[in-house]
Every structure is written in structure tokens, then in C-alpha cells.
Amino acid sequence: MALLDCITEKIEGKAKFGPVWKTRFGPILTVNVADPSLIEQVLRQEGKHPIRSDLCSWKDYRVCRGHAYGLLTAEGEEWQKIRSILGKHMLKPKEAESYTGTLNDVVSDLVRRLEHQRSLHEQHVVKNVADEFYKFGLEGISSVLFESRIGCLEPKVPKETETFISSINTMFVMTLLTMAMPKFLHRIFPKPWEKFCESWDYMFEFAKGHIDKRMAEVSEKISQGEVVEGKYLTYYLAQEKLPMKSIYGNVTELLLAGVDTISSTMSWSLYELSRHPQVQAALHKEITAVMKDNAIPTAADVAQMPLLKAVVKEALRLYPVIPNNARVISDRDIQVGDYVIPKKTLITLCHYATSRDEKYFSNPNSFQPERWLRKDDAHHPYASIPFGFGKRSCVGRRIAELEVHLALARILMHFEVKPEQEGNVVGPMTRTLLVPEKEINLQFLRR
């Protein structure tokens, strides 16, 4: 089976073997768990310092280059310290809402770029919307991290920014290949490992350049006796007196983590809304009722849009950005259903398989956001957990949700979204993360 077909493999594995089964991915043995109750059992036993997965090739690269681990690769006390620092500035609702102004500036540029892109096509089609939202995601997380803009949404995107985006894409593809290959094969077949390292090299260089620039600006202000205040995460990390090496590692990982989440969620949400005009019409009605004559939504506004939130939840159920998460319980054996799983075993949590299981969701392959609004339509709380659970859940969840809600509300205020061609179905595939198998092209018709 192809490397990129692992979501199909998980669904077929569950149908053939039941909710718990073993597989190998190259040299890696994993126990797959594809039942919400069993996933809950795993997560409730993850311990004080849970390990998401080995990410061995990511760690090998950092050791090879002498880079520090970031939030995605660190473990134990080191991970706990970083998580606590970032959690203070990202997970509290008020802290997340404080980025509304910054994110709305980015959304304004996105709307302008979509207007420009649609003007290039006589049918007002924006080609490959995932690419446009990738740029939006990178510009958004950069504004949060650096409080500065990097030109992703300009008519002419800077070459270094384009290279950074392609580096992320290449790195995720090479992650699958390098993790599937035993280390000794890196010497025999060096190209995948070399491309993997080249991608990370550029990503670290890109992040370091922006960090150093912002830190130099801060130093200059301090030397002139100015009071320095920051509303960007690099400043907060420096205030916590983290070593610069650690700041470089964390910001690089946060940059790539913030891009795919936004791009994927925006793309699939608009894809499904374009195919369900009645839902889109109802959502537009909700947005205009809340906004009245206001042009720019706030966090308080989107809090009054339950259908908007349901649309995003349903898109994430159907297309979770991370289709399969993982845990390694390092200190003890654990009981999961009828099985005892030995310590240090890689456990794969099959979220895509559970979120499309008809046992937990009626018509599981259908886009039905209203299912999240019916009080009598209860779902198992672990059947769809796109942002994870517990200590290892997504630290940027609140900011990501706010960014998506603000962007979708504004786009639908300006445009009616339709498919480029009726009946054109786009399915998902994996590239470590879940992505569209082909371009999503949509018509953006001015309202």
C-alpha cells in the first residue's frame, strides 16, 4: 500500500481486525486504536509528561545540526517548561482574543488577495485555494510570533517566503520516507535524508532571520531608553529568559504547526460550503444578522455565531488535520480494553477512522454541521478530537479557531462561494498531515 494511503489503511484495518491491531511502518511497530472509548483510555493514562510520538527523523536532524528541540520534539521536563510558557500566552481565552486586531489585519489582506485572484479568471475562480490559505496561515502565525508581516498575501510573494512554504511541503513528504527507512539506509539512499535536512535548514534559517530582526529592534529601543512592550510570542519567550537556541527551535516548529492547520480547515470548510448552498445561505444569514452594519467581526461577534462554529467542527470531523495521532507511554504498561500494551510501545490513535464511523455519527461521510447544534444528538467526546486532548493537545487551538472564524465570516460577507465545476469531488490523502488529493478550485462571486 502506498505511503500516502494510510487513512484508507486504518479504516480497512479496523474493518478487518477490530478496534485494536498491530502494524509495521518500515522499522516501526505500532498498536492502532480506532475506538473512542479505547482512545479515551489511552489518553487518560498518558502520565505527567506524555510523549506524542518518536518523530525520530525530526530529532535526528536536530542532533545532527546542533539545534534545540521545540514544543513538538521536546520531552519530559524540557517539554513541560516550554508548554507552560506558551500556554500562558496562547490557551487562555482573553490572551487568544487579544490577537483579534492583528489577525483581522491579516484577514483584510486575504480578502484583498482573493479579490485579486478571482479577477484573473473570467469565471471568478480562485485556483488551488489551499495554496492561498497556506499563505494566509503563514502570514497569520508570523504576525502572532513576530508582530510583523512577511508578504505572503502581497500580489508578488517574496522569494524567501515562497521557499519557506515549499520547504514545509517537502519536509512533510520526506518525514514519511525517512521514518520508514532504517538509519543505515540513509547512507545507501541519501537523497530523501538530504532533502529532508535541506528543508529543515531553510526553515530554521527563515525563522532565525525574523527572530534576530525583531530582537535587534527591541535592543535598539531599549538602548534609546524607550519602554518596550510586546504582543508577539517571540517577545514573551525572550522575557522568560529562554536560551536563544530554544527560541529558534520553538518558533520554527510553531511556524510550521500554524500553517497547515489554518490552510486545511479553511480549504475544506469552503469546499463543503460550496457544495452545500443551503448551509452556506443559512450561515451568511447568521453572520449578517450578528454583524448588522459592521464591516469587521470581532471575537465577541463570532461568539454569537453557533452555525459558523458548527461548520468548522464538521469540517474538522470529516478532515482532521492530523488523521492519526500517537502516544508512547514510557514508564509503565497500560490496560486498553482487553489488551495490556507494554510500556514504550508506539500507540497510533486513528482519529480519521473514528470520526467517520457510523456507530458514532449518522451518515458519517456527509457534511452536516447541524449535528453539532442538536442537543439530543450527543456524540462520544473522543470520537472527533481534531486538536487532541490533555497536556499534549494543540497549544495554538484558541488562536487557530479565532483566525478561522474571523476569516470565514469575512469571506462569506464578501463572496458567495461555488464549485468551479458541479460534481467535482475532491478527496483527502495524507502527507503526514491530511491534505486534498488534488486542487480545490472555487468560484468567488461578489455579493
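The values are calculated or read from the model by the stated rules, or taken from the named source; none is laboratory data. Only a predicted model underlies this, so the values are computations on that prediction, with no experimental measurement involved. Using ideal geometry, Cβ is built from the backbone for each residue, glycine included, and neighbour counts are taken over all protein chains shown.
Observations, loosely collected:
- Residues (assigned to a loop (DSSP other than H, G, I, E, B) and in contact with a helix residue (DSSP H, G or I) (Cβ under 6 Å, 6 or more places away or on another chain)) located in segment 113-131: His124
- Scanning segment 88-100 for residues that are outside any loop (DSSP other than H, G, I, E, B), modelled with pLDDT of 80 or more and surrounded by 14 or more Cβ atoms within 10 Å (Cβ to Cβ) yields Glu95, Ala96, Glu97, Thr100.
- The set of residues in segment 240-251 that are part of a helix (DSSP H, G or I) and over 16 Å from the mean Cα position of the chain (by Cα) comprises Met244, Lys245, Ser246, Ile247, Tyr248, Gly249.
- Scanning segment 13-40 for residues that are at pLDDT below 90 and loosely packed, with under 15 Cβ neighbours inside 10 Å yields Arg24, Gly26, Pro27, Leu29.
- Residue, nearest to Asp377 (Cα to Cα), within segment 285-308, restricted to residues that are crowded, with 16+ Cβ neighbours inside 10 Å and in contact with an Asp or Glu (Cβ under 8 Å, 6 or more places away or on another chain): Leu307
A quick yes/no check of all residues on (1) touching a Cys at 6+ places or on another chain (Cβ under 8 Å); (2) closer than 27 Å to Arg371 by Cα:
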{"residue": "Thr252", "(1), (2)": "no, no"}
{"residue": "Thr261", "(1), (2)": "yes, yes"}
{"residue": "Ser269", "(1), (2)": "no, yes"}
{"residue": "Pro277", "(1), (2)": "no, yes"}
{"residue": "Thr288", "(1), (2)": "no, yes"}
{"residue": "Leu308", "(1), (2)": "no, yes"}
{"residue": "Leu318", "(1), (2)": "no, yes"}
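- Answer from Ile7, Ile51 - the residue that is within 27 Å of Trp193 (Cα to Cα) and in contact with a Gly (Cβ under 9 Å, 6 or more places away or on another chain): Ile51
Here's the yes/no breakdown for (1) on the phi < 0 side of the Ramachandran plot; (2) surrounded by 14 or more Cβ atoms within 10 Å (Cβ to Cβ); (3) within 21 Å of the chain's Cα centre (by Cα); (4) among the aliphatic types (A, V, I, L, M):
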site	(1), (2), (3), (4)
Ile51	yes, yes, yes, yes
Leu55	no, yes, yes, yes
Gly70	yes, yes, yes, no
Glu75	yes, yes, yes, no
Trp79	yes, yes, yes, no
Ser84	yes, no, yes, no
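- With respect to the stated conditions, Leu254 is part of a helix (DSSP H, G or I), touching a residue at least 60 places away in the same chain (Cβ under 8 Å) and either aliphatic (A, V, I, L, M) or surrounded by 19 or more Cβ atoms within 10 Å (Cβ to Cβ) (or both).
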